[in-house]
Amino acid sequence: MHAKFLQLDSFLTSHQQFWRFEPFLVTCNGGVPWREDYPQLSSWLASLSDLQIEELKLDSKQLRCQLSEFIPQLISTSAFTQLKPLQLDGLRLDRSLRAGVPGRKLDQIVSMGEAALKCQHGSEWLEWCSGKGYLGRVLADCSRKPVTSFEYQRSLCDSGQRVANQLNLPMTFVQGDALSSSALSVLNPNQHAIALHACGDLHVSLIEKASSVGVPALTISPCCYHLIQDNHYQPLSLSGKLSELKLTQSELRIPLQETVTGGERVKKHRFLEMSYRLGLDLILREVLGRRDYTPIPSVKKSQLSAGFSAFCQWAAELKHLSLPKDLAFDDFYLRGIEHYWQMERFSLVQQPFRRSIEMWLVYDKALYLQEKGYKVSLATFCSEKTTPRNILIQATKP
């Protein structure tokens, strides 16, 4: 793992111009970081049709192959981002354990639960950031070992405890803040700690606290790396701390830009919102003379159906701006669509680096646990179609 981390670190550091940018802002401001040094890459991107862009976005292997003509190391480095899938048989659960859980989320919970059960250590479980305790129910039912479900929201604790009592499961919900020092009180050396998609600082907090207490095992699927309190990612391992990379919150979002689980409706909303924002940016620059991008708050999906001009009027009122009454909204919207596809071209170059950045973050956590005396393994616990955040960190005390 240490050798792979160093290889990824060197690769990401030496190829920063291909991933260290925001496609949306680059489109607004003009110019790309590789245009002068890689004119052939720019020409290839410009030659792509809208349909080809969509196809390459959905076919990472083909995209990596074509981009390797301009960035040769993409092929060799991809070996350091590949993880073997766990061999899982599938758990047969009582219908009561499945109630209220959406299909894709249920698949994640069942796979994660089986993975943890296959390597269980200790005499009890700790379910970190448990929500209503869906995963804890699986662990409690299948192992009959007690589960402590730790959750921030009191309402979720109350709901989860009520269902656990009805099902006669050995679960105890504890309300508390996972980022506070007081959270240490729920950990003990008999627990196998588990966290499914605990975000950013939440899974980091578990890794640090659990290793300090000396829990016998951890099973963690990290998620939402950008949800941190600091402006930059704070590496855990010694190798991570020595790295030149200082990932910003914005850069920590890059691994999360996958769209494999989004349906046609999600894609349509994204297309409308991005083309609306890009069209509005053109208006603000060319009509109102603004030089820099003007941030616009999040918009409700329902507002997008009102059309581009309504979106612009909404944004103008929000930012206390006055738009001309005779503005050619249709023309700016069509240009916004052109800019949308330009943004998608730029994002193609960044796309192959997403998993590399995520694996850099995962290896940093794995190496830290090794430094704390754990035997660590990495694998995928479900398919990318189930969730792109399918990496599983398993750590056990020898």
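Based on every Cα atom in the chain, Rg and the maximum pairwise Cα distance Dmax equal 23.5, 73 Å.
Derived value for the stretch 20-121: Kirkwood hydrodynamic radius 18.1 Å. Basis is the mean of 1/r over every pair of different alpha-carbon atoms. Largest mean-square fluctuation among LEU288, LEU369, LEU378, in a Gaussian network model of the chain whose springs join Cα atoms under 10 Å apart, belongs to LEU288.
For the chain, which longest stretch is free of loop sites, where a loop site is one of the trypsin sites (Lys or Arg not before Pro) that DSSP puts outside H, G, I, E and B and that has at most 10 other Cβ atoms within 10 Å? Answer from the scan: 145-290. Near LEU187, once Lys and Arg are set to +1 and Asp and Glu to -1 for all other residues with Cβ below 15 Å from its Cβ, the sum equals -2. Largest GNM mean-square fluctuation among TYR276, TYR293, TYR225, using the chain with Cα springs under 10 Å: TYR293.
Taking LEU51, LEU282, LEU86 in turn, the Gaussian network model of the chain (Cα-Cα springs below 10 Å) assigns the largest fluctuation to LEU51. Place a point 7 Å from Cα of LEU179 in the direction of its Cβ. Which residues in the stretch 202-230 have their backbone N less than 13 Å from it? Residues passing the 13 Å test: 202-206, 226-230. Once the convex hull of all Cα atoms in the stretch 129-267 is built, its volume per residue stands at 149 Å³.
On full extension, the segment bounded by VAL287 and LYS246 gains 11.0 nm, given 0.36 nm per residue less the C-alpha separation. Once both labels are positioned 7 Å from their Cα atoms along Cα-to-Cβ, the gap between LYS375 and LEU327 label points is 6.4 nm.
Check each of the GluC sites (Glu not before Pro) in the stretch 31-60 and keep only those in coil by DSSP with at most 15 other C-beta atoms within 10 angstrom; list them in order. Provide the component values of the computation, followed by the final result.
Values: sites: GLU36, GLU54, GLU55; in loops: GLU36.
Listed in order of number, the matching sites are GLU36.
If R0 is 51 Å, the Cβ-Cβ spacing of GLN87 and LYS300 corresponds to a FRET efficiency of close to 0.70. Could you check the simple spin-label distance between GLN234 and HIS320, using points 7 Å along Cα→Cβ, in nm with one decimal? Between GLN234 and HIS320, the label points sit 3.7 nm apart. For the stretch 121-161, the Kirkwood estimate of the hydrodynamic radius, built from every pair of different alpha carbons, is 10.1 Å.
So how much slack lies between CYS119 and SER309, counting 0.36 nm per residue of separation and subtracting their Cα-Cα distance, in nm?
62.7 nm
Helix 103-118 and the longest principal axis of the Cα set of the chain meet at an angle near 40°. Scaled to the globular estimate 2.2 N^0.38 Å, the Cα spread of the stretch 68-177, given as radius of gyration, is 1.36. Of LEU45, ALA316, LEU93, which is farthest along the charge dipole of the chain in the positive direction, counting Lys and Arg as +1 and Asp and Glu as -1 at C-beta? Of the listed residues, the answer is LEU93.
We did not get these values from a lab; they are worked out from the coordinates using the rules stated. Not measured: the values here are computed from a predicted model. Positions of Cβ are backbone-derived with ideal geometry, glycine not excepted, and every protein chain shown enters the neighbour counts.
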